[in-house]
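Have a look at the structure below before the remarks.
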Amino acid sequence: MDSTHRTRMRLQQVKIHLRYMYCPSSSYRIKMTRPITALLCFLTVAVVAIVLKARGRHNLSASDATLSFDGLQPDANSTSLLPIIFLHGINGHASEFEDIMRLIRVKFGKNAPTMHSVGICDGTCSLRPLPKQRDELIDYLVSNAADLGIDGEEGFNFVGHSQGGLLARAVIQKLPPSLRVRQFVSMASPQKGQYGECKQGRTGLGPEIEKKMARPIGWIAFYNYLAQSELSIANYWNDPRHGHLFRREASLLPELNGYLDEHDMTDQKENFLRVERAIFLGSSDDDCINPPLSSIFEYVDAEGNATSFNESLEYTQDTFGLQTMNQEGRLFL
């Protein structure tokens, strides 16, 4: 999906509202409610700039080998920064973050953070059920924390793209106390689910999976034991016309987002609220996440009408902490 997962993200569409600020040593302007760390500010701009340089492609490995910010120089005044863990999307590869990591190294010079793009489930492996991927990723992070440089009390930053952003949040909400995510960045991720095909009808997943992603038949293809136990997309396929089947059959998203009345969200909510800042990036022009702004918890109802973030169940019932984090000024959409 990510190899052809395209979006025309523009700087004015990074929906973090209220006032302008400039990233340190950068001419790129984004909207912020309050200043965030220089690294996160730079990282956000880097992501958007890479997409623009790649002529709208949503995959993060731009073909332009000369990709750079004009006049970008190492920041001699920057201090040591927290490690960053990157997580690719469905059918993606760890190498997709090479451009972003290179830009960060150029920007921060000798003070650049330790960075690692996780490759334990590249390519078609990422089609495996997300609960299994979540558990394996948690085991990987815990077992390799020292080698990854994420075992310190200060924690680490976690960046996920597309399905990887949803998987990263699933990890955060189950992460043991020995590890702490300080900043979480979700880039064009189906945080409220997927409901439909990519606009171009090309996911790179093969015709059998692609035809199952049509809205009229997706619920038939995905809301069953076989699909839930074999295919990651099924775990977050959210058909608002068949909400009862979604809540009963989907093996990840109903629990992750707090849709199940019988499920206690206390621990998952506490874990998410341990994150210092959460940034969810999305674009109305995204032509594979469907609905496009599922990435910022906007969706459609059973009649196809758009629903806003503020009226989402995740926010109104504060199921895993979005409302609390927003009220405390730690949530950026």
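The values are calculated or read from the model by the stated rules, or taken from the named source; none is laboratory data. This one's a predicted model, so the numbers in the text were calculated from it and none came from an experiment. We place every Cβ from the backbone using ideal geometry, glycine too, and count neighbours over all the protein chains shown. Only protein heavy atoms, including side chains, enter the accessible area calculation; ligands, DNA and RNA are left aside. Shrake-Rupley method; radii C 1.70, N 1.55, O 1.52, S 1.80 Å.
Restricting to region 118-130, and then to whatever is open to solvent by 30 Å² or more (accessible area, probe 1.4 Å) and in a loop (DSSP other than H, G, I, E, B), can you tell me which residue is farthest from LEU231 (Cα to Cα)?
Pass one, region 118-130, residues open to solvent by 30 Å² or more (accessible area, probe 1.4 Å): 119-120, 122, 124-125, 128.
Filter once more, keeping what is in a loop (DSSP other than H, G, I, E, B): 119-120, 122, 128.
Working: GLY119: 19, ILE120: 17, ASP122: 15, ARG128: 5 Å.
Applying the filter and picking the extreme gives GLY119.
Determine, yes or no, whether ILE217 is outside any loop (DSSP other than H, G, I, E, B), among the aliphatic types (A, V, I, L, M) and under 19 Å from LEU130 (Cβ atoms).
Numbers: outside any loop (DSSP other than H, G, I, E, B): yes; among the aliphatic types (A, V, I, L, M): yes; under 19 Å from LEU130 (Cβ atoms): no.
Judged against the criteria, ILE217 is not a match.
Among (1) part of a loop (DSSP other than H, G, I, E, B); (2) touching a Gly at 6+ places or on another chain (Cβ under 7 Å); (3) of a type in the set (D, E, K, R), which single condition is ASP287 missing?
(2)
Among the numbered criteria (1) out of contact with any Lys or Arg (no Cβ under 7 Å at 6 or more places or on another chain); (2) open to solvent by 50 Å² or more (accessible area, probe 1.4 Å), which single criterion is violated by ARG274?
Every listed condition holds for ARG274 apart from (1).
I'd like the full set of residues that are part of a loop (DSSP other than H, G, I, E, B), touching an Asp or Glu at 6+ places or on another chain (Cβ under 8 Å) and open to solvent by 10 Å² or more (accessible area, probe 1.4 Å), limited to region 297-333.
SER308, ARG330
Please work out which residue is nearest to VAL300 (Cα to Cα), limiting yourself to region 224-249 and to residues that are under 21 Å from the mean Cα position of the chain (by Cα) and open to solvent by less than 10 Å² (accessible area, probe 1.4 Å).
ASP239
Can you pull out the residues in region 252-271 that are open to solvent by 50 Å² or more (accessible area, probe 1.4 Å) and either over 23 Å from ARG180 (Cβ atoms) or assigned to a helix (DSSP H, G or I) (or both)? If you could, list the steps in order and put the result at the bottom.
Kept after step one, since they are open to solvent by 50 Å² or more (accessible area, probe 1.4 Å), are these residues of region 252-271: 261-264, 266-267, 269-270.
Result: ASP261, GLU262, HIS263, THR266, ASP267, LYS269, GLU270.
For LEU179, are the conditions met, namely being at pLDDT 95 or above, of a type outside the set (S, T, N, Q) and more than 24 Å from TYR259 (Cβ to Cβ)? Please lay out each step first, then the result.
Working: at pLDDT 95 or above: yes; of a type outside the set (S, T, N, Q): yes; more than 24 Å from TYR259 (Cβ to Cβ): yes.
Spelling it out, LEU179 is indeed at pLDDT 95 or above, of a type outside the set (S, T, N, Q) and more than 24 Å from TYR259 (Cβ to Cβ).
Could you tell me whether any residue of region 161-179 is within 19 Å of PHE332 (Cα to Cα), in a strand (DSSP E or B) and open to solvent by 10 Å² or more (accessible area, probe 1.4 Å)?
no
Please verify whether LEU205 is open to solvent by 10 Å² or more (accessible area, probe 1.4 Å) and without any contact (Cβ under 8 Å) to a residue 60 or more places away in the chain, treating the condition exactly as stated. Please lay out each step first, then the result.
Values: open to solvent by 10 Å² or more (accessible area, probe 1.4 Å): yes; without any contact (Cβ under 8 Å) to a residue 60 or more places away in the chain: no.
No.
Just one of (1) part of a loop (DSSP other than H, G, I, E, B); (2) modelled with pLDDT of 95 or more trips up GLY196, so point out which.
All conditions are met except number (2).
Scan region 86-117 for residues that are outside any helix (DSSP H, G or I), buried (at least 23 other Cβ atoms within 10 Å of the Cβ) and not polar (S, T, N, Q) and jot them down.
Within region 86-117, PHE86, LEU87, HIS88, GLY89, ILE90, GLY92 meet the criteria.
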